[in-house]
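> I am attaching a structure below and will ask some questions about it afterwards.
The values are calculated or read from the model by the stated rules, or taken from the named source; none is laboratory data. Since we're looking at a predicted model, the values are computed, not measured. When we count neighbours, we look across all protein chains shown, and the Cβ atoms used for this are built from the backbone with ideal geometry, even at glycine. Accessible surface areas use protein heavy atoms only, side chains included; no ligands, DNA or RNA. Shrake-Rupley method; radii C 1.70, N 1.55, O 1.52, S 1.80 Å.
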Amino acid sequence: NIYLQITPVKGLQIKSMFAPNYGNHTTGQFDNTLVTDYDTNVAQLTKKQRFSYTWDNTISYNETFAKKHNVNLMGLFSLNQFNSNEIYLKYTGVMDGTLWYNLASGTYDAGDSKNSYTENSMASFALRANYSYAGKYMVTATMRADGSSKFAKGHQWGYFPSAALAWRMSEETWMKEADWITNLKWRLSYGMTGNNSGIGNYATVQGVAGPVYYPFGNSYMTGYYPSAIVDPELTWETSSEWNAGVDFGFLRDRITGTVDFYNK
């Protein structure tokens, strides 16, 4: 992966990262019967190509004012794309000694051969704002939008907000007397997340199967039929969660722990 990062002014950082992934896989298999009649020789050839990339672009601003007010802002634009191309050929009766390099010397097996192409893509936007006062009071708000090609038009985008509050009680002046408490932080948050990993690339597109042949007048016509029942209204799986928790550290953090209560 490659990235470019610049800081045009103090506290402002712009970063662009591009991460491609390419794979090319070829497998040849030859089954020789070792008999005079080579009609039963079988040669198979499989070729797979896969390409994907992730392109992330972020702009962030971090600054502390009057030594107590810290502000952190972040914007994100991301693209992700994947495609795969696969072809499998099978021939019988291939000449001895030619392995899978001479498929044309045999007979094409249309019943077992196949090829496929599949792709998907997703675009994402996100905005996040963090505010902290004197390291004691913290607020975070995030808004994320994801668009996936797996869904039909009008249902491709999902919107996922979240917010969180935190109070580091151990930083309060009146808590300093309890020097055996190293850290005591209370948290409360609510957020939504989206998932499309269980959805096929073309699960919301009506596919066809066949062919079938049926009489039409004095001839036969070719026809196709729906391969499955699809739901074009399908959209993002969304989970929402409330979370309340406390982080603690005692005796100079010799004893640390976290207690959480959440409802998802």
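> Of the conditions (1) open to solvent by less than 30 Å² (accessible area, probe 1.4 Å); (2) modelled with pLDDT of 90 or more; (3) not in a loop (DSSP other than H, G, I, E, B), Ser170 satisfies every one except a single condition; which number is it?
It is condition (2) that Ser170 fails.
> Checking Glu233 against (1) in contact (Cβ under 8 Å) with a residue 24 or more places away in the chain; (2) more than 29 Å from the chain's Cα centre (by Cα); (3) open to solvent by 90 Å² or more (accessible area, probe 1.4 Å), only one condition comes out false. Which one?
In the conditions (1) in contact (Cβ under 8 Å) with a residue 24 or more places away in the chain; (2) more than 29 Å from the chain's Cα centre (by Cα); (3) open to solvent by 90 Å² or more (accessible area, probe 1.4 Å), Glu233 misses (2) alone.
> Now for a different question. Just checking, how many residues over region 62-74 are surrounded by fewer than 15 Cβ atoms within 10 Å (Cβ to Cβ), outside any loop (DSSP other than H, G, I, E, B) and touching a residue at least 24 places away in the same chain (Cβ under 8 Å)? Quick ask: steps written out before the conclusion?
Going residue by residue through region 62-74, those that are surrounded by fewer than 15 Cβ atoms within 10 Å (Cβ to Cβ) are 62-69, 71.
Okay, now just the ones that are also outside any loop (DSSP other than H, G, I, E, B), so 62-65, 69, 71.
Okay, now just the ones that are also touching a residue at least 24 places away in the same chain (Cβ under 8 Å), so 62-63, 69, 71.
Total satisfying the criteria: 4.
> Sticking with this structure for a sec: Just checking, does region 92-99 include any residue being in a loop (DSSP other than H, G, I, E, B), open to solvent by 60 Å² or more (accessible area, probe 1.4 Å) and of a type in the set (Ser, Thr, Tyr)?
no
> Hey, among Gly147, Gly93, Gly97, which residue is on the phi > 0 side of the Ramachandran plot and without any contact (Cβ under 8 Å) to a residue 40 or more places away in the chain?
Within the list Gly147, Gly93, Gly97, the selection yields Gly97.
> Looking at Lys185 and the list (1) open to solvent by 60 Å² or more (accessible area, probe 1.4 Å); (2) at pLDDT 90 or above, which single condition is not satisfied?
(1)
> Could you list, ordered by first residue, the pairs with Cβ atoms under 8 Å in which the first is in region 110-139 and over 30 Å from Thr46 (Cβ atoms) and the second is assigned to a loop (DSSP other than H, G, I, E, B) and open to solvent by less than 70 Å² (accessible area, probe 1.4 Å), at least 6 apart or interchain?
Lys136/Glu172
> Would a scan of region 21-42 turn up a residue that is of a type in the set (A, V, I, L, M) and under 37 Å from the mean Cα position of the chain (by Cα)?
no
> Quick one: in region 112-135, of everything that is of a type outside the set (Ser, Thr, Tyr) and open to solvent by 70 Å² or more (accessible area, probe 1.4 Å), which residue is nearest to Glu63 (Cα to Cα)?
Arg128
> Next question. Could you tell me whether Thr40 is farther than 22 Å from Pro8 by Cα and open to solvent by less than 60 Å² (accessible area, probe 1.4 Å)?
Values: farther than 22 Å from Pro8 by Cα: yes; open to solvent by less than 60 Å² (accessible area, probe 1.4 Å): no.
So Thr40 fails the test.
> Looking at region 7-31 only, could you name the residues that are assigned to a strand (DSSP E or B) and open to solvent by 80 Å² or more (accessible area, probe 1.4 Å)?
Selection gives Asn21, Tyr22, Asn24, His25, Gln29.
> Scan region 130-163 for residues that are part of a loop (DSSP other than H, G, I, E, B), more than 16 Å from Asn201 (Cα to Cα) and among the small types (Gly, Ala, Ser) and jot them down.
Ala134, Gly135, Gly154 - these are the residues of region 130-163 that are part of a loop (DSSP other than H, G, I, E, B), more than 16 Å from Asn201 (Cα to Cα) and among the small types (Gly, Ala, Ser).
> Same structure again: (1) open to solvent by 70 Å² or more (accessible area, probe 1.4 Å); (2) free of Cβ contacts under 8 Å to residues at least 12 places away in the same chain: which one isn't true of Ser219, the others all being true?
(1)
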